[in-house]
């Protein structure tokens, strides 16, 4: 059961690392390094969102019959995070460190409480409901990873 | 079977936690005002009427107040628990905690039984309702891992603390014959070392790795520390009631176990923070570091006290109290408050008015707190209070510093509430046009 949890939680960890690198680079005015870190962070985060929105959530909704519940809240938080991510890109392009760090801290807090809910509740529910489909789902998620 | 009841509702309305956060610094202010007014009289003994009043203003009015507000907010997030009637529950717990804490302080200062009775009824109501709500919420969480077990342990400690407190208050007001000295020693140990510290440890397991991007706490600690501390507190309690050398041996062993446990937590947390992946500094980190340092110091004094017994002068025990309560506990709680208040302000505004571009980010809100300067003031106020244990003549100056500190904290929370209302007003006006 825990393979889906492990796989998706490891991605949270990876995104956190990229976030920390990008934030630190901006704080130290290392703009040349900040840009690739930010790009990687945005790409990894977007890929992770798609794995959930296109693979995990629909499968969970179908297996549990819970449509418009937890998955809908997660989708709406994804869209809040996407808005913050694009703001970060904008601040990075205009090299506005103060604004970037402000949006980054906001994103970090939102992202962490979102991850907490996913890891503590949603992934556990999903891995129970989808115990028989773990292999297929992981394969579909890896396929999205290859596309990214 | 799926926990279908888990509806994953969003956080409760911002008024639920904010009423607790706005009130809490006022109680800290009241405690500081007592220190200023009574000065050396308050510092004469940990058990002077003014010292007891001030201590309870801080433990009930400040730290329990913030923790209740934070739990009503955090638990739905940590465990996906929907809240039943959050507004009514918050109103009841908050109102009875406010009037109950104030009554208890008046009761200590005036010695009048009426205030003790009022405090008994109101604090039983506050913690009874809150405890039942927490039991209900924890039962709904099918899988929560170590975090939920820790919260259960903290709840057990809260029940023991409040029960001992009620018996002590009844004894003080009605002259009920009880083992007063033993209970008066156990009550703060369960309150500070149990309810408050267990909850802080449990929240730290979740919040430190997430927000400071550290490695997780070691599994041995997350599974073993809180149950062991609870067990040691039970042993300590038994030791107080077993007479003779056996009782003393149990008490000493339990004290050493508790000291080792708290020290283990301080060292591991310090190390995790030192190796954190997020390199950008934030004020919460400073508050945690100072708090952990003070925890280690208070544990060292507790060790001296356990080994020296009654030979240790009163000033050392007062200093232990200072490092533990306005030291470790206040630092950590204030650090968390300064993280959670800007986030909640942003989160509720952003959720209600997305895409309008008028919501300040958390750093903008936090910047108005001037938390760095306030942290420096806190360090000075703590040093002055610790010095007052030895030189009571300094206590009025310490009281004054703490009054400024508490008032500043109150202004900061009010500023966040003001930003919330201002942005909401602008958003509503725009929506109306």
- Tilt of helix B:197-212 relative to the longest C-alpha principal axis of chain B, in degrees (0 to 90, nearest 10)? 40
- Between residue A:62 and residue A:6, with labels modelled 7 Å along Cα→Cβ, what's the label distance in nm to one decimal, could you check? 2.5
- Convex hull volume per residue for the range B:192-231, taking Cα atoms only, in Å³: 53
- Per residue of B:277-283, other chain Cβ atoms within 10 Å number on average 5
- Query: Roughly what angle does helix B:219-241 make with the longest principal axis of chain B, taking Cα atoms, 0 to 90 degrees, to the nearest 10?
  - Reply: 40
- Message: How are the alpha carbon pair distances in the range B:152-308 distributed across 5 Å bins from zero to the largest one, expressed in percent?
- Response: 2, 9, 16, 19, 18, 14, 10, 6, 4, 2, 1, 0
- Message: Quick check: the distance between the Cα centres of the range B:354-391 and the range B:244-304, to the nearest angstrom?
- Response: 23
- Query: What is the log10 of I(q)/I(0) for the protein assembly as shown, computed with the Debye formula using one identical point scatterer on each Cα and no solvent, at q = 0.06, 0.10, 0.12 Å⁻¹?
  - Reply: -0.32, -0.89, -1.24
- Message: Give me the tail of P(r) for chain B as a percent: Cα-Cα pairs with distance above 35 Å.
- Response: 27
- Would you mind calculating the gained length between residue B:223 and residue B:418 on full extension (0.36 nm times residue separation, minus the Cα-Cα distance), in nm to one decimal? 66.0 nm
- Task: Mind pulling the angle between the C-alpha long axis of helix A:2-27 and the longest principal axis of chain A? Nearest 10 degrees, somewhere in 0 to 90.
- Result: 10
- Spacing of the two label points (7 Å from each Cα toward its C-beta) at residue B:92 and residue A:76, in nm: 2.8
- Residue span residue B:372 to residue B:425: 0.36 nm per residue of separation minus Cα-Cα distance leaves a gain in nm of 16.1 nm
- Task: Would you please state the base-10 log of I(q)/I(0) at q = 0.10, 0.19, 0.21, 0.24 1/Å for the range B:28-134, with intensities from the Debye formula using one equal scatterer on every alpha carbon?
- Result: -0.33, -0.90, -1.02, -1.21
- Given 5 Å bins starting at zero, what is the percent of C-alpha pairs of the range B:87-197 in each, up to the one with the largest pair distance? 2, 12, 18, 21, 21, 13, 7, 4, 2, 0
- Item | Distance (nanometres) between label positions extended 7 Å along Cα→Cβ at residue B:273 and residue B:310 | 3.9
- List the pair-distance distribution P(r) of chain A, using every Cα-Cα distance, as the percent of pairs falling in each 10 Å bin from 0 up to the bin containing the longest distance, rounded to whole percents. 11, 41, 30, 14, 4
- Query: For peptide B:204-210, how many partner chain Cβ atoms fall within 10 Å of a residue's Cβ, on average?
  - Reply: 3
- Query: What does the range B:335-426 give for Rg and for Dmax, in Å, if only its C-alpha atoms count?
  - Reply: 17.1, 57
- Task: Go ahead and estimate [θ] at 222 nm for the protein assembly as shown from helices alone: -39,500 (n - 2.57) per DSSP H run with n ≥ 4, summed, over the residue count, rounded to 500.
- Result: -26500 deg cm²/dmol
- Query: Ranked highest first by average number of other Cβ atoms within 10 Å, how do B:325-332, B:344-351, A:63-70, A:50-57 line up?
  - Reply: B:325-332, B:344-351, A:50-57, A:63-70
- Considering Cα pairs under 8 angstrom that are at least six residues apart, work out the relative contact order of chain B and quote it in whole percent. 19
- Item | Cβ-based exposure ranking for B:47, A:12, B:56, A:90, in which fewest neighbours within 10 Å come first | B:47, A:90, A:12, B:56
- Shielding by other protein chains, A:79-91, mean Cβ within 10 Å: 1
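Values quoted throughout were computed directly from the atomic coordinates according to the rules given, and no laboratory measurement underlies them. Source: prediction; values computed, not measured. As a convention, Cβ positions derive from the backbone with ideal geometry for all residues, glycine included, and neighbour counts pool all protein chains shown.
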